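The structure appears right after this line, and notes come after that.
The values are calculated or read from the model by the stated rules, or taken from the named source; none is laboratory data. Please read these numbers as outputs of a predicted model, since none were measured by experiment. Positions of Cβ are generated from backbone atoms using ideal geometry, with glycine treated the same way; all protein chains shown enter the neighbour counts.
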Amino acid sequence: MTGTPHKPFITANQVTLIRLALIPIPCWLLYQGTTGQYVALIVATLLGCTDFVDGYLARKYGGTVLGGLMDPIADKVFIAATFLPAVDLKWVPSWLVALLFVREFFVTAARTSYERRDTPLKSSYLSRYKTWAQMCGVGVLMLLSAATPTFMDWFFGVLAVLPVVGYLALRLIARRRWKGAGWFAISFSVLLLVHRSFGGHVLVVSLMYFVVGITWASGLGYLFSVGKLRGRGRVTAGEIVRLVTSIVLPCVAIGTQSRADSASWAIIALVAIELAHGGLDNLLAHHRAEDGAVRWGARVIAECLLLGLAWWIPSTTLSRTFCFAALFVATVGLVIAFVQKRRYYLDEKPRAVAASTNPAAVL
């Protein structure tokens, strides 16, 4: 007996890859009417639960740099594939969805600045709650579009009580506390109150305001920690380009998607790919191997220009052509970066800068 854990039947990385591969399915189902939206909710819930599985496997058998890179990327791609269809389906105002993704892109760009200065920020509890607020929020949006008001009242009521029951059971049986129980109980209680008092339409908009508010509040740590960057190097052109384009790209993308005849699938895929590229950029910045201002800016500015033309031009055919051209630019950019810089995430020792910490832990 060596005490070494036996090889698992499936690894954490494989679970994450499966989640990434299956994410387009609930996205497609959302466009298939009421029945499709019910099925999308089930599939999305199952995919969301796999996050617990790969986390458990990584803790038990050890994580990898690649796994630490892919897991947060999978979460962001999931959010893109489930929230962006809400623009097409007219569930929520497009500007609220744009605000949500501006935060995601902006914080990702800011993280690159912190990483290249060896100043990783620990994930706060609010940040973890934000991810689940987004996932639960989009699930509620799916249900509100398909279920009856009576069902929704029962649904919110049950979910308001379950966290309290779960907290008590965990406290009595395992002598442990579930810190998030109170947040979840209060959240669903408020949803029940708003739904019964004002109806589904007001709840949808209120819920989106809440999700966007939590999303932005969770990113305040980056603003409050700017002082940590003093004396750790000058601001580079690459950082400025990243921060500016992180605001412009999601606004132009979602503005184009709000056009009735846009190529929505191309735009959703582009946003997901750029979120993934941002996650890879965070890891590369930790090793001083990120793209420079010209290479990063040329790619993202080209995408913004193409999407801007797709938004502005009257012709449906040309508009969709520009959308797919922008997607092509994003795809090629990610593939090149992923292949060229693969030594930084395949558990090989980087040649540029010897990492003193595990990159997977700072993502």
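Could you tell me which residue of the stretch 236-284 is farthest from the chain's Cα centre (by Cα), considering only residues that are surrounded by fewer than 24 Cβ atoms within 10 Å (Cβ to Cβ), over 13 Å from residue 111 (Cα atoms) and of a type in the set (D, E, K, R)? Result: 261. Among the residues of the stretch 193-221, the ones that are surrounded by 20 or more Cβ atoms within 10 Å (Cβ to Cβ) and either over 26 Å from the mean Cα position of the chain (by Cα) or without any contact (Cβ under 8 Å) to a residue 40 or more places away in the chain (or both) come to 1 in all. Here the condition is being over 20 Å from residue 134 (Cβ atoms) and not in a helix (DSSP H, G or I); of 242, 259, it holds for 259 alone. With respect to the conditions (1) within 16 Å of residue 65 (Cβ to Cβ); (2) surrounded by fewer than 17 Cβ atoms within 10 Å (Cβ to Cβ), residue 312 falls short on a single one, namely (1). Selection of the stretch 79-100 for residues being outside any helix (DSSP H, G or I) and farther than 13 Å from residue 267 by Cα yields 89, 90, 91, 92, 93. Examine the stretch 166-185 for a residue that is in contact with a Ser or Thr (Cβ under 7 Å, 6 or more places away or on another chain) and assigned to a helix (DSSP H, G or I), and state whether such a residue exists. No - not one qualifying residue is present in the stretch 166-185. Just one residue in the set 53, 39 is at pLDDT 90 or above and either among the small types (Gly, Ala, Ser) or on the phi < 0 side of the Ramachandran plot (or both); that residue is 39. The one condition from (1) over 19 Å from the mean Cα position of the chain (by Cα); (2) closer than 30 Å to residue 92 by Cβ; (3) not aliphatic (A, V, I, L, M) that residue 232 does not meet is (2). Taken across the stretch 96-111, residues that are over 24 Å from residue 276 (Cβ atoms) and of a type outside the set (Gly, Ala, Ser) do not occur at all. Would you call residue 133 at pLDDT below 90, in contact with a helix residue (DSSP H, G or I) (Cβ under 8 Å, 6 or more places away or on another chain), surrounded by 17 or more Cβ atoms within 10 Å (Cβ to Cβ) and closer than 22 Å to residue 48 by Cα? So residue 133 passes the test. Out of the stretch 259-270, which residues are touching a helix residue (DSSP H, G or I) at 6+ places or on another chain (Cβ under 8 Å), at pLDDT below 95 and farther than 9 Å from residue 311 by Cα? 261, 263, 264 - these are the residues of the stretch 259-270 that are touching a helix residue (DSSP H, G or I) at 6+ places or on another chain (Cβ under 8 Å), at pLDDT below 95 and farther than 9 Å from residue 311 by Cα. If only residues of the stretch 180-192 that are aliphatic (A, V, I, L, M) and crowded, with 18+ Cβ neighbours inside 10 Å are counted, the one that is nearest to residue 166 (Cα to Cα) is 181.
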